[in-house]
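First comes the structure, then the notes that go with it.
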Amino acid sequence: MIDSDLRDLYQEVILDHGRNPRHFGTLPDANHDARGHNPLCGDQVHVQLKLDDEERITDIAFEGKGCAISMASASMMTELVLGKTVPQAHALMEAFVHLTKGEEFEHECVVEDDLDRLQVMSGVSQFPMRVKCATLAWHTLDAACKGEDEVVSE
Amino acid sequence: MPTSANSGFDVTRVRADFPILSRTVRGRPLVYLDNAASAQKPQAVIDAISQTYANAYANVHRGVHMLSAEATMAFEKSRETVRRFLNAKRAEEIVFTKGGSEAINLVASSLGAQLREGDEIILSEMEHHSNIVPWHFLRERHGVVLRWVGVDDAGVLDLSALRGMIGSRTRLVAITQMSNVLGTVPDLAQIVALAHGAGAKVLVDGCQGAVHLGVDVQALDCDFYVATGHKLYGPTGIGVLYGKYDLLKTLRPYQGGGEMIQIVTRDTVTYADPPHRFEAGTPPIVQAIGLGAALDYMSSLDRAAVHAHEESLLAHATEELARLNRLRIFGDAPGKGAIVAFEIAGAHAHDVSTILDRSGVAVRGGHHCAQPLMARFDVASTVRASFALYNTHDEVEALVRGVHDVMEFFK
């Protein structure tokens, strides 16, 4: 028996990203990277970036092991932040974290269209135990942008 | 469908003893299959706890007043109940701890003080982190060498590797009585004989085994045995360390505080005899009394019939799940306990757990605090259904239905 909350969580687009993650692999000429780890479930993600002189993300890749939610979230993230500056990516990360917790938030620095695309992940707010799965890749991206090489979510 | 053919066990009657089993989860009956993580509590345990607080609570071992005397008697009576449950020779061999982890940390600390650089401790790769990390402390702090015995693809312990590994540097073999993931029940009699033949001690982690298998520490001849209350249908915050008395006598204290001393002066301190030497501070009094009630409850049942019932649940679940070709079961050792760990191709353990939870089925998804074992099987996490004496064949069917839902979802 599959209920509607589950359908909201595992929307087809999420299952698709989970099955066929975008930008999955390594980036040989990356100049920033970070590893994220969720010790609770063992999920791991490695995010690699290429930042240009103006701190714009000109290329991105991720590798990892994790549930459908964490892999889909990482995959969607790579599509959304490609071409963005570090501050723009950070603002989008903050908006996403609020969205996964079902919280209200200001989103002046965030493009409406990006938010619309992230809405597909909002179903996770009904599953508090799974919010960390969705946000791991984003925190890892943020760490990579800041020059930190490791982030642990708990 | 297999049935519990044993006549000595009435699961409906037993279920009535556990109030929580009548609640619903998301509008459906609770199907609790996370027993290896923690078991639910019978009314007898809940009553023992509330009645102690309501009628006979005070600190133990100090007061001369009536309540303290009553609390002390109840507390020490529980020690005797544990002694009987483990068939230890004397109650002084039973140390109360706050759990299984603390019991192992106690041995690592107190026995560890006698170890030197290059001394070896042998572990199996199916140990729970609580029977790994305390030994890593000794590796880090004293240069003790950890050696690992593997399991084969079915989860059977490689006894011949163990035989080759045990030698004059071996000080301890620390081994589970029953794996919390694979369900494997290693041949402890052989392991104890091998270890003792080399002059090494044996610590048995009985956190799962004490629940599902009989325990007789004298017959087993192990030097230490560890169990935890909350998996034995008792409260959290209480565990048990059994140690042979003469061995406990040689160990230095673990923590310092009240209760564990004989005489304290400004310049000197002398320590109490076991078990109080290892019970610094006010112990988990009510939890120990609750544990006693839990063991009394278990002993009131026909344990052979309980074992047969759990085996039939395991056989039923294994048969149904093994039929699904996208599903892989970890652990197929002969005589394994009532735990089935599995993965579904294309569906991560946490997605599986979330979907099962929506139909009221509580299982665990993750590494089960056994990361070296996960690495051995090259899997990040698995789903684990673990059975208790109150589970039913209908609940096994609910699990299987949920697994079908998952497969429908993650086609």
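The values are calculated or read from the model by the stated rules, or taken from the named source; none is laboratory data. None of these values were measured; they are calculated from a predicted model. Glycine also receives a Cβ, built like all others from the backbone with ideal geometry; neighbour counts cover every protein chain displayed.
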Matching residues in segment B:326-355 - criterion: being within 11 Å of another protein chain (Cβ to nearest Cβ) and of a type outside the set (A, V, I, L, M): B:Gly346, B:His348, B:His350, B:Asp351, B:Ser353, B:Thr354
Every pair of residues 6+ apart whose Cβ atoms lie under 6 Å, when the first sits in segment A:1-22 and is under 18 Å from B:Arg401 (Cα atoms) while the second is assigned to a helix (DSSP H, G or I) and of a type in the set (Lys, Arg): A:Asp3/B:Arg358; A:Leu6/B:Arg358
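Go through B:Ala317, B:Ala341, B:Ala349, B:Ala322 for me and flag whichever is under 17 Å from B:Asp153 (Cβ atoms) and surrounded by 22 or more Cβ atoms within 10 Å (Cβ to Cβ).
Values: B:Ala317 fails: under 17 Å from B:Asp153 (Cβ atoms); B:Ala349 fails: under 17 Å from B:Asp153 (Cβ atoms); B:Ala322 fails: surrounded by 22 or more Cβ atoms within 10 Å (Cβ to Cβ).
Unique residue meeting the criteria: B:Ala341.
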Residues of segment B:110-124 satisfying the condition of being surrounded by 18 or more Cβ atoms within 10 Å (Cβ to Cβ) and in contact (Cβ under 8 Å) with a residue 40 or more places away in the chain: B:Ser110, B:Leu111, B:Leu115, B:Asp119, B:Glu120, B:Ile121, B:Ile122, B:Leu123, B:Ser124
One residue from B:Ser299, B:Ser386, B:Ser312 being farther than 26 Å from A:Gly18 by Cα, surrounded by fewer than 18 Cβ atoms within 10 Å (Cβ to Cβ), among the hydroxyl-bearing types (Ser, Thr, Tyr) and under 25 Å from the mean Cα position of the chain (by Cα): B:Ser299
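Can we say B:Lys411 is out of contact with any Phe, Trp or Tyr (no Cβ under 8 Å at 6 or more places or on another chain), under 22 Å from B:Leu213 (Cβ atoms) and either buried (at least 21 other Cβ atoms within 10 Å of the Cβ) or within 14 Å of chain A (Cβ to nearest Cβ) (or both)?
No, not satisfied.
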Test: residue in segment B:356-369 that is touching a His at 6+ places or on another chain (Cβ under 6 Å), in contact (Cβ under 8 Å) with a residue 24 or more places away in the chain and within 13 Å of chain A (Cβ to nearest Cβ): yes
Qualifying residue in segment B:189-201 (condition: under 30 Å from B:Arg328 (Cβ atoms), within 18 Å of the chain's Cα centre (by Cα) and either surrounded by fewer than 22 Cβ atoms within 10 Å (Cβ to Cβ) or in contact (Cβ under 8 Å) with a residue 12 or more places away in the chain (or both)): no
Conditions (1) touching a residue at least 12 places away in the same chain (Cβ under 8 Å); (2) within 12 Å of another protein chain (Cβ to nearest Cβ); number of the one not met by B:Arg376: (2)
Odd one out for B:Phe85 among (1) buried (at least 19 other Cβ atoms within 10 Å of the Cβ); (2) on the phi > 0 side of the Ramachandran plot: (2)
Given (1) crowded, with 24+ Cβ neighbours inside 10 Å; (2) within 18 Å of B:Ala39 (Cα to Cα); (3) touching a Lys or Arg at 6+ places or on another chain (Cβ under 8 Å), number of the condition B:Gly206 does not satisfy: (3)
Pairs, first without any contact (Cβ under 8 Å) to a residue 60 or more places away in the chain in segment B:22-38, second assigned to a loop (DSSP other than H, G, I, E, B), C-beta under 7 Å, six or more apart: B:Arg23/B:Leu30
Flag if B:Ala370 is farther than 19 Å from B:Val151 by Cβ and among the aliphatic types (A, V, I, L, M): no
Which listed residue is surrounded by fewer than 17 Cβ atoms within 10 Å (Cβ to Cβ), among the hydroxyl-bearing types (Ser, Thr, Tyr) and assigned by TED's automatic domain parsing to the domain that holds B:Val181, from B:Ser68, B:Ser50, B:Ser78, B:Ser22: B:Ser50
Failed item, numbered, when A:Thr78 is tested on (1) surrounded by fewer than 18 Cβ atoms within 10 Å (Cβ to Cβ); (2) farther than 27 Å from A:Ser4 by Cα: (1)
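Within segment A:1-42, restricting attention to residues that are hydroxyl-bearing (Ser, Thr, Tyr) and part of a loop (DSSP other than H, G, I, E, B), which residue is nearest to the other protein chains (Cβ to nearest Cβ)?
Checking each candidate, the answer is A:Tyr10.
Quick check on A:Gln48: is it within 11 Å of chain B (Cβ to nearest Cβ) and either in a strand (DSSP E or B) or under 16 Å from A:Met77 (Cα atoms) (or both)?
Working: within 11 Å of chain B (Cβ to nearest Cβ): no; either in a strand (DSSP E or B) or under 16 Å from A:Met77 (Cα atoms) (or both): yes.
When the stated conditions are applied, A:Gln48 does not pass them.
Which strands (runs of 3 or more DSSP E) does segment B:167-233 wholly contain that include 1 or more residues that are touching a helix residue (DSSP H, G or I) at 6+ places or on another chain (Cβ under 6 Å) and of a type in the set (Phe, Trp, Tyr)? Steps first, answer last, please.
Numbers: elements: B:170-176, B:201-205, B:224-228.
Because the criterion is at least 1 residues that are touching a helix residue (DSSP H, G or I) at 6+ places or on another chain (Cβ under 6 Å) and of a type in the set (Phe, Trp, Tyr), the strands (runs of 3 or more DSSP E) in segment B:167-233 that meet it are B:224-228.
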